[in-house]
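Engineer: Okay, here's the structure, questions in a sec.
The values are calculated or read from the model by the stated rules, or taken from the named source; none is laboratory data. The structure displayed is predicted, hence computed values, not measured ones. Glycine also receives a Cβ, built like all others from the backbone with ideal geometry; neighbour counts cover every protein chain displayed. Surface areas here come from the heavy atoms of the whole protein model, side chains and all, with no ligands, DNA or RNA. Shrake-Rupley method; radii C 1.70, N 1.55, O 1.52, S 1.80 Å.
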Amino acid sequence: MSESKKIFTTPKIRKFARELGANISKIEGSARAGRITEEDVKNFVNKNLNGPQTKEEIQVKSKFNHSEFGEVEVKDISRIKRLSAPHLLKSYNTIPHVTHHDEIDITEMEEFRNSLTDHNTGEKLKITPLAFIMKALVIALKKFPSFNSSIEDMNDGKITLKKYYHIGVAVDTPNGLMVPKIRDVDKKNINYISKELREIAQSCRDLKIDKKEFYGGSITISSLGGIGGRFFTPIINYPEVAILGVSKSTKKKIYLDNKFNVRTILPVSLSYDHRIIDGAEAARFCNEVRDNLGKNFAYKLAI
Ligand code: CAO
């Protein structure tokens, strides 16, 4: 394909291709006058996913015939996994990731969360810890705007700083991982955010969500807190520049005020794009999130 080939498509399709990590200049358009459609982008992504790319890959692939070693079953990989694969690969291969781990004392936050009741019925409110974390994150994003940014092309020397606070949340579904956005978290209270998260996660699991909900985020939270584990290294959701991994909180004995105390400790793992964010800035950002969930009681303002 020649370098000077004209590309006929809409800005929306260009954006769609970019989000999937597909090079639009390599896609053949199937519509009138060679116009590239959304279907062309999907076909291109699928084709590139299925075919080995290099001689080495072909060699490695042909080395294994797993059925020689015992019974196997070959199944289709889900469509969502196939669509997200190039996106993940692009992030992993192009962004220099560093992951900063920290532990946050959320004892008071948990006491506060568990004390919340409905004004009318007096019943205990069921609010996910994630709603508190989202609020704490937004306050930190306001103080550290580079975490709420994107770079399209390092060579053009430009960074886009976002003035909105749309937090992506990784949702585990039977079909694979989806990352819808909770929009304008700065303008919503914790109870509302918690409800919205429940509803949006259900829509993902029922495959009843519009794909536009997956675009235009500030930063992503990947929470394994309801499942288990301690610390992991989340992959940044390109074109964002950071992602906060949240693990399961546990009770720990901590030396505090000259004695051992039992405290609730939340492990977090912040992966960031080292081209934009330095290690010291990441540590300060994490301190800010920690203080917002801890001694600043910032979440109390957001009820
Ligand atoms: N520590 C301890 N307990 C936690 C916790 C944490 N960090 N986070 C949540 N919990 C508790 C919740 O309070 C809830 O307890 P109750 O049932 O007693 O109320 C329970 O764990 C289950 O939570 P949940 O996972 O159903 O709900 P959530 O709001 O915490 O999370 C969602 C919502 C959509 C993020 C989650 O369901 C999910 O899909 N998680 C998986 C995400 C994933 O796969 N990430 C990895 C991607 S790879 O980077």
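Engineer: Report K75's accessible area, 1.4 Å probe, all protein chains in place, as a number in Å² to the nearest 10.
Structural biologist: 150
Engineer: For a test of the definition: using alpha carbon positions, the gyration tensor, and the 1.5 limit on a/c, classify region 51-186 as rounded, prolate or oblate.
Structural biologist: Oblate, since a/c reaches 1.5 and b/c is not below a/b.
Engineer: While we're on this one: Please provide three numbers in whole Å: the alpha-carbon extents of region 201-303 along the principal axes, with the largest listed first.
Structural biologist: Extents along the principal axes: 53, 35, 30 Å.
Engineer: Sorted by accessible area with a 1.4 angstrom probe, largest first, how do H101, H87 fall?
Structural biologist: Ranked from most to least accessible, the order is H101, H87.
Engineer: Same structure, new question: For D278, what accessible surface area do you get with a 1.4 Å probe? Give it in Å², rounded to 10.
Structural biologist: Surface open to solvent at D278 totals about 90 Å².
Engineer: Heavy-atom accessible area per residue, the chain, 1.4 Å probe: how many Å²?
Structural biologist: Per-residue value: 59 Å².
Engineer: A further question follows. Using a 1.4 angstrom probe with every protein chain in place, what is the largest-first accessible-area order of H166, H274, H97?
Structural biologist: H274, H97, H166
Engineer: Percent of accessible area on region 100-301 owned by carbon and sulfur, 1.4 Å probe?
Structural biologist: Numbers: 5200 of 10100 Å².
Answer for region 100-301: carbon and sulfur cover 52 percent of the accessible area.
Engineer: For a quick check of understanding: with a 1.4 angstrom probe and all protein chains in place, what accessible area in square angstrom does E19 have, to the nearest ten?
Structural biologist: Accessible area, nearest 10 Å²: 20 Å².
Engineer: What are the principal axis extents of the Cα atoms in region 110-225, in Å, biggest first?
Structural biologist: 57, 36, 22
Engineer: Over all directions, average the projected area of the Cα convex hull of region 76-156 and note it in nm².
Structural biologist: The orientation-averaged projected area of the Cα hull of region 76-156 comes to 10.3 nm².
Engineer: Sorting T233, T220 by accessible area (1.4 Å probe), largest first, what list results?
Structural biologist: Listed by decreasing accessible area, they come as T233, T220.
Engineer: Which value, in debye to the nearest 20, gives the size of the charge dipole of the chain about its Cα centre, when Lys and Arg are +1 and Asp and Glu are -1 at the Cβ? Could the numbers behind the result be given before it?
Structural biologist: Values: 50 positive and 38 negative charges, 104 e Å.
For the chain, the charge dipole is close to 500 debye.
Engineer: Could you pull the Cα extents of the chain along its three principal axes, largest to smallest, in whole Å?
Structural biologist: 68, 51, 43
Engineer: Calculated from DSSP H runs of 4 or more alone, at -39500 (n - 2.57) each and per residue, what is the 222 nm mean residue ellipticity of the chain, nearest 500?
Structural biologist: After summing the helix terms and dividing by the residues of the chain, the value is -10500 deg cm²/dmol.
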